Each structure stands twice: as structure tokens, then as C-alpha cells.
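What follows is a short report on a single structure.
The values are calculated or read from the model by the stated rules, or taken from the named source; none is laboratory data. Because the structure is a prediction, the values reported are computed rather than measured. When we count neighbours, we look across all protein chains shown, and the Cβ atoms used for this are built from the backbone with ideal geometry, even at glycine. Calculation scope for accessible area: heavy atoms of the full protein, side chains included, ligands and nucleic acids excluded. Shrake-Rupley method; radii C 1.70, N 1.55, O 1.52, S 1.80 Å.
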Amino acid sequence: MKKNFIFTGVSVASRLLTSLFLFVLLARLWGPEEFGLFSFFFSVATMVALLVDFGFQGYLLREIGAHSERAAGLVSEVFSTKLVLLGFCSLIALLVVFIFRDSPSVSLVVPLFLAAFAVSFSEFFISPLRALGRYELETGLITAANIMLFCVVGLAAYRGDNPAMVAWLIAGVRFLQLAMSALLCRKVVSGIVLGFSSIRSSWAVGKRAFPYGFDTALVVGWNHVDIIAVRILYGDHIVGIYAAGQKIVQGACALAPVIGNVMIPRLARESRAQNPKLTRTSIITTRLLFGMGVFFAIPIIVFSGQIAPLAFGPAFASLSDYLWFFGLVIIFRYLAAGYGVLVTAVGLQAKRVVSQVVAFLIFLLMIVCIWIFSLQIEFVLGALVFCAITLAVLYRSLWLGFRRGFLAADNGGSAN
């Protein structure tokens, strides 16, 4: 487990090169307006690509992990389903091109959508490697691809290439990553058939994977739907400032899934075995994640005046006024992550999804109210903090309900 933890940690660290440090570099070089426009279309492409993702990574992790002998068949049928979803999402991409046809920014749409689709298929091919315990292959591939992306795109932006050229370079590197991941997957899993089977088969696979897709859409949606809303409400300059703050949140929260992947199997075993150690392990998990949230957030809150201009440049100095909001978001997202890990480990995934839907709908409702009453950007940040707290409270209530039943059963067993 420690070996897999190290490989996963290295993989996450390499992803930070592109999810945080590359975007910090782009923001510093471009300024709020160009960076804001780029971030807006990047978020639109990522949100649409969620339909192609459909949670298949989680689905394959579980199914191949439980039935490794069926790996080739599972990969083949999911690939066929992704082709159907890709066709549908391509129509959405064309619609976006049509909507922005008269805007110079339309040049960003095609390459960013191609990059998002390439990442979706690349992650799909990597999933069987994780499920079969080949973490070293995943880590090597992802690390090499992200270092290449950071160097190629960073150098292009540094020498003055425009956002459209940068977007095409991102697409090129992502397609190279896709090719490498497909080759690795076919090398590890023999007998994969890459083609379209039938609509009926794709429909059946989609139905089985729907809970995973819905959960993935909600998790990823938190990182992008607000950027889209801020761009619509306040324009390119403000969304550039806001997106810079969100990148800090995403980078700070990147370690939460690593801890979750390590703790969930242990918590699940103790839960199934009615092991009294579950209570102690749960306390360690929540305190560890909450402590990490505080550890990352406090410097951001205390040194907000220095961090924004130092990291992003003088043009982002106004971000200093909002960084303490983002610090609070980090704290409460880590708190929610701690209880979310517990809820998932004890088998309450369906109720976790319901909690996510409730918090997400509350956020959307608050965004609508902000639009109706023409409120300032601070209210969007307040809504983000409020919904992070809401999600933490909902997860905690689910865990406390389970724990009461667990302790009652344990006491009953002890009495007998």
C-alpha cells in the first residue's frame, strides 16, 4: 500500500504542474483578461467532456478490480460507449463554435475541446492500469506527459505565443498522451477490441456506469461551473482574477484524493468486520484532512497581500482582497473531504451523491439570485464558502447516523 501511495503521490504532484503551476505562469504572462477568457473556454470544454468521461474511470476501477479476467471485454464495451458519447459532445462543441462565431475567441474553442476529449480517452486507457495494480506505469506516463506539457506550453507562452496557439499545443501534447496510454493499455490488457459495437450495448453500459458519471460530474463541476458563471456575470477581467484564485484552491485540494485512496480500503475493511477500531480510524482521517486544509489555508489568508502579486503579477493585485474567501473554501472542502471519505468507505455512496446534488442546487440557486439582484463578486465567493460548509455538514450528518448504528450493533454484540 505504501508503494502505491508513493506512486499515486508522484502522479498527483506531476498533475499539479499543469493544473496549478502552468496556469499560474499563463496568468502572469497574459494578464486577467486573456487568462480569464482562456479559463472560461477551458472550463466549458471540461464540463462538456464530462459527458464523454461519464465516470468510466471509477466504473472500470471497480469492475476490473473485482473481475480482472474480464478486463479486455470491459475496456472494449466502455470504449464503444465513449464513441457514442463523443459523437454527441462533438455536436455540442459545434454549437459552441456557432454561438461564438463572430468573436475572436472562437479560435480557442476547437483546440480546447479536442484537448478535453483527448484527456478523457487517455484517463480511460489509464484506468485498467490502476485497477490491475500497475501504478508504476501510470505514474511514468502521467509524469512524462505533464512535464512535456508544462515545458512545451510554458515555453510557447513565455516567448509570446497567443492563447490560440497555446491551446493547439495543449491539444497536441494531450493527443500524444492519449496515444501512449492506449499503447500501454493494450500491452497490459490483451484482447481489447477498439471499435463500435451497438447502441443497445452502449446503452446498457451507460446505465451501469451512470452513478459513477453523476458523482464525477458533481465533483468536477464545482471546479468549473462557477468560473463559467463569473464570466457570464462579470466579464473577462473579473473571471481572470477569480480563476486565478480557483487554481490555488484546486492545487491545495489535490492531496485530498490521495489520502482518500489510502484510507478508504482500511475504513471499508473495518466497517465490514464491525471492527471497533473504525471509530479511531475515522477520527484520524477527518482530523488529518481538516489539519491539511488549515495548513494550506492559513498562509493564503494571512499573506494574501503578498501571494497574489508575487505569484500572478501586479495585474492580479486585486486578488488579494478575495484570497481569504478562497482560504475558507480550502478549509471546508478538506473538512467535507474527510467526512466524504468516511461516507464512501462505509457504503453510503448513493446518499453522498444526494448530498452533493443538494449543495450544488443551493449554489446554482444562489448564483441566480446574485444575477437577479446584480450583486458583486464577493457574493459569489460567499456562496462558494456557504456551499462548502453545507456539504461538510451533510456528510457529517450521514456519518453520525451510520456511527450511531455501528456503535449500537457493537454494544449489542459485546453484550451477547
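The apolar share of the surface of segment 102-248, taken as the fraction of accessible area on carbon and sulfur atoms (1.4 Å probe, ligands and nucleic acids excluded), comes to 68 percent. The residues neighbouring Ile284, those whose beta-carbon lies less than 14 Å from its own, together hold a net charge of +3 under the Lys/Arg +1, Asp/Glu -1 convention.
Springs between Cα atoms under 10 Å define the GNM used for the chain, and in it the highest mean-square fluctuation of Phe21, Phe40, Phe56 occurs at Phe21. With coordinates expressed along the principal axes, the C-alpha atoms belonging to segment 171-268 extend over 50, 37, 30 Å, beginning with the largest.
Comparing mean-square fluctuations of Phe38, Phe121, Phe406 from a GNM of the chain with C-alpha springs under 10 Å, the top value falls on Phe406.
Helical runs assigned H by DSSP (4 residues or longer) give the chain a calculated mean residue ellipticity at 222 nm of -29000 deg cm²/dmol, each run adding -39500 (n - 2.57) before division by the residue total. About its Cα centre, the dipole of the chain is roughly 1440 debye, where the only charges are +1 on Lys and Arg Cβ and -1 on Asp and Glu Cβ. At q = 0.13, 0.18, 0.22 Å⁻¹ the log10 of I(q)/I(0) for segment 275-416 amounts to -0.69, -1.04, -1.25, computed by Debye summation with a single uniform scatterer per C-alpha, solvent ignored.
When the Cα positions of Thr143, Leu323, Ala308 are compared along the charge dipole of the chain, Thr143 comes out farthest toward the positive end, with charges on each C-beta of Lys, Arg, Asp and Glu. Whole-Hz Karplus values for segment 192-209 come out as 6, 10, 9, x, 8, 9, 7, 5, 4, 5, 5, 4, 5, 5, x, 5, 5, 8 Hz, taken residue by residue from phi with 6.51 cos²θ - 1.76 cosθ + 1.60 and θ = phi - 60°; glycine and proline positions read x.
For the chain, the solvent-accessible area works out to 45 Å² per residue, with a probe of 1.4 Å and every protein chain left in place.
In order along segment 216-223, phi translates into HN-Hα couplings of 4, 4, 5, 5, 6, x, 4, 8 Hz, rounded to whole numbers, per the Karplus curve 6.51 cos²θ - 1.76 cosθ + 1.60 with θ = phi - 60° and x for Gly and Pro.
With the convex hull drawn over the C-alpha atoms of segment 21-104, the volume per residue is 108 Å³.
With the highest mean first, a sort of the peptides 213-226, 291-304 on other beta-carbon atoms found within 10 angstrom per residue produces 213-226, 291-304. Using a Gaussian network model of the chain in which every pair of alpha carbons under 10 angstrom is joined by a spring, one finds that among Leu310, Leu184, Leu108 the greatest mean-square fluctuation is at Leu310. Working note: Debye formula, equal point scatterers on the alpha-carbon atoms of the chain, no solvent; log10 I(q)/I(0) at q = 0.06, 0.08 Å⁻¹ is -0.25, -0.45.
Ranking Gln376, Val78, Leu95 by how far each Cα lies toward the positive end of the dipole of the chain (charges on Cβ) leaves Val78 at the top.
Largest first and in whole Å, the equivalent-ellipsoid semi-axes of segment 239-298 read 32, 12, 7, each the square root of five times a Cα gyration tensor eigenvalue.
Computed log10 I(q)/I(0) for segment 211-324 at 0.12, 0.16, 0.21, 0.23 Å⁻¹: -0.60, -0.89, -1.16, -1.25, from the Debye equation with unit scatterers placed on every C-alpha and solvent omitted. Electrostatic bookkeeping for Ile238 treats Lys and Arg as +1 and Asp and Glu as -1; over the other residues with beta carbon under 10 Å from its beta carbon, the sum is -1. Across the options Gly213, Trp203, Ala244, the greatest Cα extent toward the positive end of the charge dipole of segment 198-301 (unit charges at beta carbon of Lys, Arg, Asp, Glu) belongs to Trp203. Val385 sits among other residues whose Cβ lies under 11 Å from its own Cβ, and their net charge, with Lys and Arg +1 and Asp and Glu -1, is 0.
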